[in-house]
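The next block holds one structure in the form of structure tokens; read it before the comments.
The values are calculated or read from the model by the stated rules, or taken from the named source; none is laboratory data. Quick caveat, the model's predicted, so the values are computed rather than measured. Note that each Cβ is placed from the backbone with ideal geometry, even for glycine, and that neighbours are counted across all protein chains shown.
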Amino acid sequence: MAARKTKGRQKVEMKRTDNQDDRSISFSKRRSGIYKKASELVVLTGAEIKVIVFSPSVKPLSFGHPSVESVINRFLEDPSSMDTYHLVEAHRRMRIEELARKYDEMLRQLDEKKESTSLRLKGKRKENDSEGWWDAPIEELDLKDLIGLEKKFERL
């Protein structure tokens, strides 16, 4: 078996690299890892998170849930205004739930319309198929069809 040409996926020792290009690459890869972990924490716990990272070029990069601004405002506001925040947040959640219910109801109505339209079309197809019932060869009809044919003649 031939020896590997690359190191593959191995644990990298934590130390500062001197090469600026390597440092930038490492930063961009690890930054996405930090954002991924923060996102997982939000999903698992429902926490409100704000992560600020400064790149090697001193550019601030951030991640926040539900938004960067809401987390910062919550941090900077005094505790007395938290009641207002909770009221607004509760109203927002109720509105989202209401819209979700309306959406579900509209989907249900759409399904009902599709089903009724489908049934109506099937009925029209049967009417169209039965318009030429007198043209059908009698020898090819079974007992059920013959009885139906007899009833149609009686109605005439």
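Would you call Leu110 at pLDDT 80 or above, surrounded by 10 or more Cβ atoms within 10 Å (Cβ to Cβ) and not hydroxyl-bearing (Ser, Thr, Tyr)?
yes
Residue under question is Val71, and the condition is that it be in contact with an Asp or Glu (Cβ under 7 Å, 6 or more places away or on another chain) and not in a strand (DSSP E or B); does it hold?
For Val71, the condition - in contact with an Asp or Glu (Cβ under 7 Å, 6 or more places away or on another chain) and not in a strand (DSSP E or B) - is met.
Kindly indicate which of Leu41, Leu61 is of a type outside the set (D, E, K, R), under 22 Å from Arg93 (Cβ atoms) and modelled with pLDDT of 80 or more.
Leu41
Here's the yes/no breakdown for (1) basic (Lys, Arg); (2) under 23 Å from Leu41 (Cα atoms); (3) assigned to a helix (DSSP H, G or I):
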| residue | (1), (2), (3) |
| --- | --- |
| Gly64 | no, yes, no |
| Thr84 | no, no, yes |
| Leu87 | no, no, yes |
| Leu99 | no, no, yes |
| Lys102 | yes, no, yes |
| Glu105 | no, no, yes |
| Asp111 | no, no, yes |
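From the list Ser32, Ser62, Ser55, pick out the single residue that is more than 27 Å from Lys11 (Cβ to Cβ) and out of contact with any Ser or Thr (no Cβ under 6 Å at 6 or more places or on another chain).
Details: Ser32 fails: more than 27 Å from Lys11 (Cβ to Cβ); Ser55 fails: more than 27 Å from Lys11 (Cβ to Cβ).
Of the residues listed, the single one that is more than 27 Å from Lys11 (Cβ to Cβ) and out of contact with any Ser or Thr (no Cβ under 6 Å at 6 or more places or on another chain) is Ser62.
Going through Ile72, Ile96 one at a time, which residue ends up being among the hydrophobic types (A, V, I, L, M, F, W, C) and modelled with pLDDT of 85 or more?
Step by step, each of Ile72, Ile96 is checked, and only Ile96 is among the hydrophobic types (A, V, I, L, M, F, W, C) and modelled with pLDDT of 85 or more.
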